[in-house]
Amino acid sequence: MKKIEFFKTCAFFRYFTIFQPTFGTVKPFFLSKTLSPRYNDFMKSVKQIIFSLIMLVLAFAGAAVFTACGSDPQDADDQTTATSETSTSSATEETMTETQPPVRQTLKILLPVSKYKDVEKFADKYNADENKYTIDLALTETSDGIDPMDYDALIIPGGKHVHPDFYGAEIECTEHKFDPELDQLEIELVDSFAAAKKPILGICRGCQLINVAFGGTLNQDIGMEHYHDSIRETLTMEGSDMRRLFGESFETGHFHHQAVDRLADGMRVTMIDAEDGTIEGYQHTALPICAVQFHPDRMYVHEDPGRKETARIYFDYFFDLVQSLK
């Protein structure tokens with residue numbers, strides 16, 4: 001009886017036991033062949049608790065999966081759709097990039113007005129072809145009101161002879177035609193663009209005038225060998241950009257019978273004629289100034305594809321310089 005009283009004082013054990021007074025002993029329910037109503041209620045409660053725990057675990061597991069995928073199934077669908085649209089857009093942009101030519105950069109270049117239209121013809125042809133740049137020529141008959149900062153570069157084209165007064169010499173050939181007003185205009189433009197460190201290109205007469213503007217002199221008559229659009233071999237100087245572009249020599253088109261005599265200070269020779277050593281090109285050592293005695297503008301519009309390609313290479317070289325300084 002003392003054993004029975006002890007177990008009665010334990011509430012937990014009292015609930016989970018079955019009393020059998022007949023035998024004067026107490027047996028745990030798991031040793032009993034007959035289950036009490038209390039046992040059935042307990043097992044029912046246990047099953048409910050286990051089921052609730054399982055459902056709670058499944059709920060937490062499902063929430064974790066949805067969070068990893070993007071909050072909820074709808075968000076996951078939206079994310080998948082957005083990713084698909086982005087991929088499609090990227091593919092479309094890549095296709096457009098492959099099919100569309102690159103955007104051409106526009107260069108605004110000032111050009112003094114002249115009756116010789118070689119540069120204008122070149123610009124029209126160059127713009128019509130598939131090239132790197134679009135040339136926007138701005139023509140001027142005066143230096144008044146011209147601000148170099150409004151332009152990307154200056155081109156001094158071919159034309160009449162530079163008057164000897166501008167380089168301190170006497171006229172040696174009375175048959176030469178001069179235009180001192182144009183000489184003055186172009187020298188003023190060269191001075192202002194050089195002061196602003198803007199790129200300048202001189203072609204034929206432009207090559208001679210830039211040299212004069214910087215204090216050099218001219219040979220007033222080198223004969224007719226370089227005249228009448230002759231094709232001559234031109235040698236490039238070692239270490240120059242022209243050597244890098246054209247190798248040791250290449251053919252150039254000429255139309256002149258004056259040339260640089262004494263090269264102005266600050267200039268260095270980049271090309272010479274292969275036969276008589278006439279200076280065919282030079283560059284300034286510190287400023288973005290280039291000059292050629294031959295005619296890349298005429299060569300570009302020539303029907304000979306070799307001449308055109310030579311001219312394109314030279315012009316793109318100058319235009320790249322202009323673009324780099326914008």
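Each value in this text was obtained by applying a stated rule to the coordinates, not by laboratory testing. Bear in mind the structure is a predicted one, so any value in this text is a computation, not a measurement. A quick note on method: Cβ atoms are made from the backbone with ideal geometry, for glycine too, and the neighbour counts reach across all protein chains shown.
Using the structure shown, select from LYS160/LYS326; LYS132/LYS326; LYS121/LYS177 the pairs with a Cα to Cα distance greater than 26 angstrom. Walk me through the numbers on the way to the answer.
Working: LYS160/LYS326 31 Å; LYS132/LYS326 15 Å; LYS121/LYS177 23 Å.
Correct reply: LYS160/LYS326.
Taking R0 as 35 Å, what FRET efficiency do you get between ASP265 and ARG104 from their Cβ-Cβ distance, rounded to the nearest 0.05?
According to the calculation, E is roughly 0.40.
Based on C-alpha coordinates, I'd like the Rg and Dmax of the stretch 132-241, in Å.
Values for the stretch 132-241 (Cα only, Rg and Dmax): 15.5, 45 Å.
If I stretch the segment between GLU141 and LEU245 completely, what's the gain in nm (0.36 nm per residue apart, minus their alpha carbon distance), one decimal?
34.0 nm
Along the Cα-to-Cβ line of ALA195, 7 Å from the Cα, sits a label point; which residues in the stretch 125-152 have backbone N less than 19 Å from it?
141-152
Below 11 angstrom from the Cβ of GLN293, what's the summed charge of the other residues (Lys, Arg +1; Asp, Glu -1)? It would help to have the intermediate numbers written out before the result.
Details: positive: ARG205, ARG232; negative: ASP273, GLU280.
Residues near GLN293 contribute 0 overall.
Among LYS198, LYS326, which comes first, second and so on when ranked by fewest other beta-carbon atoms within 10 Å? Working shown, then result.
On the way: LYS198 20, LYS326 10.
With the sparsest Cβ surroundings first, the list reads LYS326, LYS198.
Take the alpha carbon atoms of the stretch 105-324, find their radius of gyration, then divide it by 2.2 N^0.38 Å using N residues; give the quotient. Mind dumping the intermediate values first?
Numbers: Rg = 16.0 Å, N = 220, 2.2 N^0.38 = 17.1 Å.
Relative to the 2.2 N^0.38 Å estimate, the stretch 105-324 comes out at 0.94.
For the stretch 105-324, give me the percentage of DSSP beta bridges that are antiparallel, rounded to the nearest 5 percent.
Around 50 percent of the beta bridges assigned by DSSP in the stretch 105-324 are antiparallel ones.
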